[in-house]
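The values are calculated or read from the model by the stated rules, or taken from the named source; none is laboratory data. Note that this is a predicted model, so its numbers are computed, not measured. Please note: Cβ atoms are built from the backbone with ideal geometry, for glycine as well, and neighbour counts cover all protein chains shown. Ligands, DNA and RNA are excluded from the accessible area calculation, which covers all protein heavy atoms including side chains. Shrake-Rupley method; radii C 1.70, N 1.55, O 1.52, S 1.80 Å.
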Amino acid sequence: MEALKSAPPPDRGTLNETSLGATPFPVSPDSPFADGYDIASERDELADLVSSENPDQNDPRWPRLVALRERERQLRETAHIAARHRAPGVPAQTNAPSRAAKLGQLADATPDTMTLHTKDAYRLFTGRPADEKAKLAPIPGGRRFAAVLKSIWHLSANDNPYADWILIRMYEGLLAIRASLGRVIAAREEAFDLLKRKGLALSVMASRSPKTVDLGFRSPYGYATADLIVEFDYYVRMIKTLIHKDRMSDEEGRVAIRIVGRDMRALFLEPIRWERHLLREELLPLSRGDFLPTADEKGRQRVRAAVAIFGEVPRRIFTGAEAPRHSRRRVKPSDAELRLLEQASLTAAEVTRQTDTELL
């Protein structure tokens, strides 16, 4: 990969527009490209186009898909050249023991996958792209939800209290739905066990040709999302089994699946608004320091905008007493700094008289 990487890339989470003309792209410090192009993040963002057999060339993201394919071609070509110039039987060059500190990051030895048996779960994971001809709005799925949380997870490294807040809320939402599904599944499995003791052995139906999806998530929240999707998949299998084997009516089954699917889609939709605002250039530097008396005018302006858009961040989250399960925040405040956080005002003057656009 070194042939592609001749200069240090920008910080993760920013957008770069230099290499692809007017087309911005995500960047990462561990990118193999000199301009920091984050190929994994871009695959996440364009997942529906990548997985489509015939992607829509009228989609506004089409130039990004073309750029992604070109980057993938470059990587394949670089790997091919490196393999061709390596002597037979000679392994790739490794660092000397004295340079052990420069060992590469850990990576999956084999691809992570998720196997789904129902269309309901698969559609909930992939979502639905916008269709201008049919005048259908896009429906974000679990894959988009995971990509959004990954962006916010990276943003938490900036000591941004609102990033922490939405990560906590979304993870609690995931756990709540998963726990609800688990209770229903456990109750139904217990009913199956009772029938088996009576002499009627029933099995949960499975697809004759299940769909296996490569995951490759770059944050823990992606895997938490996949966990929920497979739980929902098994739940749908259970409900459809109950219908097919006369343990539940058609209508009861449809309602049971529809209610859970609606709750999951609502959860997947919520963080998109947060990402859209928090990653705006004006709000990107927002941190806990902006709430302190020593903050400059731009910092106070960011606070006014954040409070106007999202409301007042809870004190326990602001001080760090309550933290996300997974965070990139590495700040360890001293006792004196902690007292300042506990005393800082979390409100902003004149918020109600200005829109968030005016505040920025």
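Laid out as a table, the results:
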| read-out | value |
| --- | --- |
| Check on P161, farther than 18 Å from Y223 by Cβ and crowded, with 18+ Cβ neighbours inside 10 Å | yes |
| Residues being among the small types (G, A, S) and within 11 Å of the chain's Cα centre (by Cα) - total across the range 196-227 | 4 |
| Residue count, the range 293-306 (criterion: open to solvent by 20 Å² or more (accessible area, probe 1.4 Å) and over 18 Å from A336 (Cβ atoms)) | 7 |
| Whichever residue in the range 329-350 is touching a Lys or Arg at 6+ places or on another chain (Cβ under 9 Å) and in a loop (DSSP other than H, G, I, E, B) and, among such residues, is surrounded by the fewest Cβ atoms within 10 Å (Cβ to Cβ) | E350 |
| R123 part of a helix (DSSP H, G or I), open to solvent by 60 Å² or more (accessible area, probe 1.4 Å) and touching a Phe, Trp or Tyr at 6+ places or on another chain (Cβ under 9 Å) | no |
| Residue identified as modelled with pLDDT of 95 or more and under 17 Å from F145 (Cα atoms) among V213, V230 | V230 |
| Residue tally, condition touching a residue at least 40 places away in the same chain (Cβ under 8 Å) and assigned to a loop (DSSP other than H, G, I, E, B), over the range 181-204 | 1 |
| Options R73, R69, R99, R123; residue that is at pLDDT below 75 and of a type in the set (K, R) | R99 |
| Subset of the range 129-138 [in contact with a strand residue (DSSP E or B) (Cβ under 9 Å, 6 or more places away or on another chain) and either surrounded by 14 or more Cβ atoms within 10 Å (Cβ to Cβ) or not in a strand (DSSP E or B) (or both)] | P129, A130, A137, P138 |
| So D250, is it at positive phi, of a type outside the set (S, T, N, Q) and open to solvent by 50 Å² or more (accessible area, probe 1.4 Å) | no |
| Hits in the range 268-292 (condition: touching a residue at least 24 places away in the same chain (Cβ under 8 Å), open to solvent by 50 Å² or more (accessible area, probe 1.4 Å) and not in a helix (DSSP H, G or I)) | L279, R280, E282, P285 |
| Some residue of the range 228-235 being open to solvent by 40 Å² or more (accessible area, probe 1.4 Å), without any contact (Cβ under 8 Å) to a residue 40 or more places away in the chain, over 22 Å from H326 (Cβ atoms) and not in a loop (DSSP other than H, G, I, E, B) | no |
